[in-house]
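A short worksheet on the structure shown next.
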Amino acid sequence: MRFGIIGYGKMGEIRHEAVKKTGIGEVVAIYGFGPDPVPEDLRVDSVDAILNDPTIDGVFICCVNSLNQEMTIRALKAGKHILCEKPPAFNAAGVEEIRKVEAQANKVLMYGFNHRHHGAAVKMRQIVDEGDHGRILWMRGRYGKSVDENYLSTWRADPKLAGGGILLDQGIHMLDLFMYLGGEFDEVQAMVSSIYWNIPGIEDNVFAMFRNSKTGLAASLHSTMVQWRHLFSLEVFMERGYMVLNGLKTSSNSYGAEQLVVARNRSHAPAATWAEESSETFETDTSWEREAQIFADWIRTGAPEGHGGDSLSALRVMRVIDAVYAQEKHTAPQLYSRLNADADA
């Protein structure tokens with residue numbers, strides 16, 4: 001297969017490397033914005049040079065957030081298979097517009113929620129699917145990083161380009177993991193603020209609670225960029241056991257070792273002890289390669305593998321994010337109605 005890349009910042013380079021490592025095909029054209037370090041032998045002068053090339057099967061969209069919806073719609077109309085970075089759009093309405101075009105295009109549309117493809121997350125999903133630990137009762141996720149004054153000069157500090165702050169940057173990944181493991185939420189409570197950087201339209205701190213009113217499953221999220229010590233932690237407690245993931249393997253190693261602890265409950269107190277836990281550390285981040293392989297397999301077979309980020313999953317995540325942001329704007333009741341209306345049909 002032949003691929004093009006639109007946008008060649010950090011994410012474009014990562015996607016390019018994943019294609020090379022997996023051997024799923026060849027990147028034959030790259031369009032970069034501004035100072036993007038595009039290899040000269042792959043550089044093209046316009047997005048249309050990629051979209052109008054009939055020999056290119058698929059594209060990786062690695063742009064600033066504000067371009068994701070537009071580029072995805074253009075690529076679908078051009079007949080390309082797509083892997084687009086998150087967020088899919090600024091809001092759920094944008095994703096719904098994308099899905100209207102997707103329905104007519106008959107092409108693969110996948111979103112880059114790579115955290116669900118980390119080794120520990122794959123193992124956690126396997127444990128949930130096996131069912132030996134029972135259903136999920138509650139989850140707690142904390143995902144935080146620190147930024148400095150240099151952040152203020154990047155596109156992520158511009159609400160017209162970013163669409164939001166830390167929730168759309170990192171918190172969306174934790175929310176996707178919640179829903180990947182535990183299903184949908186129809187109740188949302190949140191506090192959204194910019195308590196340190198004070199950038200209008202760019203929140204630096206989010207505390208949010210989610211619940212599925214039918215199953216009772218609840219989850220809490222803290223997403224922040226005023227975490228002076230980087231942190232990733234996901235706890236999943238089930239009827240007969242639990243999973244605790246601390247750390248996330250990244251190229252910078254900012255979040256520490258990716259260590260997953262799993263244990264079964266006992267029938268009497270204490271329900272579990274440290275000695276009864278099993279622990280596994282994932283030393284290598286293979287999420288990008290796993291995601292690229294899923295994308296390629298989906299193109300080849302025409303059938304989603306089941307663990308990729310399709311547009312319906314992205315829509316459901318964005319509906320919940322809309323509800324979180326609505327808490328700040330005091331318009332949450334309308335969004336509750338929308339979430340409960342099950343507009344997926």
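Of everything listed in (1) closer than 30 Å to residue 5 by Cα; (2) open to solvent by less than 30 Å² (accessible area, probe 1.4 Å); (3) among the β-branched types (Val, Ile, Thr), the single unmet condition for residue 236 is (1).
Residues of the stretch 152-176 being more than 13 Å from residue 223 (Cβ to Cβ) and touching a strand residue (DSSP E or B) at 6+ places or on another chain (Cβ under 9 Å), which ones?
Within the stretch 152-176, the first condition is being more than 13 Å from residue 223 (Cβ to Cβ), and the residues that meet it are 152-163.
Listed by number, the residues that qualify are 152, 156, 157, 158, 159, 162.
Taking every residue in the stretch 78-103 that is modelled with pLDDT of 95 or more and pairing it with any residue that is of a type in the set (Asp, Glu), at least 6 positions away or on another chain, the pairs with Cβ-Cβ distances below 8 Å are 80/57; 81/57; 83/291; 86/176; 89/97; 91/322; 92/322. Taking residue 231, is it among the aliphatic types (A, V, I, L, M), modelled with pLDDT of 95 or more, out of contact with any Phe, Trp or Tyr (no Cβ under 6 Å at 6 or more places or on another chain) and within 16 Å of residue 173 (Cα to Cα)? The answer is yes for residue 231.
Scanning the stretch 144-184 for residues being open to solvent by 10 Å² or more (accessible area, probe 1.4 Å) and either in contact (Cβ under 8 Å) with a residue 12 or more places away in the chain or not β-branched (Val, Ile, Thr) (or both) gives a total of 26. Those strands (runs of 3 or more DSSP E) of the stretch 1-88 in which 3 or more residues are under 23 Å from residue 316 (Cβ atoms) and touching a strand residue (DSSP E or B) at 6+ places or on another chain (Cβ under 7 Å) occupy 81-85. Among all positions in the stretch 80-100, there is at least one residue which is of a type in the set (Asp, Glu) and open to solvent by 20 Å² or more (accessible area, probe 1.4 Å).
The values are calculated or read from the model by the stated rules, or taken from the named source; none is laboratory data. Just so you know, these numbers come straight off a predicted model, no measurement behind them. Ideal geometry is used to build each Cβ from the backbone, glycine not excepted, and the neighbour counts take in all protein chains shown. Ligands, DNA and RNA are excluded from the accessible area calculation, which covers all protein heavy atoms including side chains. Shrake-Rupley method; radii C 1.70, N 1.55, O 1.52, S 1.80 Å.
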